[in-house]
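To start, the structure itself, in structure tokens.
The values are calculated or read from the model by the stated rules, or taken from the named source; none is laboratory data. Everything numeric here is computed off the predicted structure, so don't read it as measured data. For neighbour counting, all protein chains shown are included, and Cβ atoms are generated from backbone atoms with ideal geometry for every residue, glycine included. Side chains are part of the model used for accessible areas, which takes the heavy atoms of the whole protein and leaves out ligands, DNA and RNA. Shrake-Rupley method; radii C 1.70, N 1.55, O 1.52, S 1.80 Å.
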Amino acid sequence: MRDEAEGYLTPRQRDVLLEIARLEHLHQAITLARLGVELKMPRQNARTYVLALRDQGLVLYEAGERQTAVIRLTDQGRAM
């Protein structure tokens, strides 16, 4: 089994990545709140998964103070 540093995704991380790809394909704004609604999970849980995907280089996510951060796939994330 590959570890996360080598690109291994948990089933839930894969769900989040696929949902980001789906929303991106539909040209929808992708936010933590939107992911939470679509995946029926608390926003904070969505954030945890997005941060893990960001750390693996699969998504771009930069959260500033008091602003909504838009989440996007990287080229590597699109290739998954």
So what does R12 come to for accessible area, using a 1.4 Å probe and Å² rounded to 10? 70
Determine how many Å³ per residue the convex hull of the Cα atoms of the chain encloses. 87
Kindly sort V70, V16, V37 by accessible area of their heavy atoms, largest first, with the probe set to 1.4 Å. V37, V70, V16
How do T31, T48 stack up against each other in accessible area, from largest to smallest, with a 1.4 angstrom probe? T48, T31
In order through region 16-29: 3J(HN,Hα) via Karplus (6.51 cos²θ - 1.76 cosθ + 1.60), integer Hz, x for Gly, Pro: 5, 4, 5, 5, 4, 4, 4, 5, 5, 4, 7, 6, 9, 5
In terms of modelled amide H atoms, which long-range or inter-chain residues lie less than 5 Å from the amide H of R72? L60
With point charges of +1 on the Cβ of Lys and Arg and -1 on the Cβ of Asp and Glu, referenced to the Cα centre of the chain, which listed residue (L17, L51, L39) lies farthest in the positive direction of the dipole? L39
Roughly to the nearest percent, how much of the accessible area of the chain is carbon and sulfur, given a 1.4 Å probe? 49
Using only Cα atoms, tell me the angle between helix 43-55 and the longest principal axis of the chain; keep it within 0 to 90° and round to the nearest 10. 50
Per residue, how much accessible surface does the chain expose to a 1.4 Å probe? Answer in Å², no decimals. 66
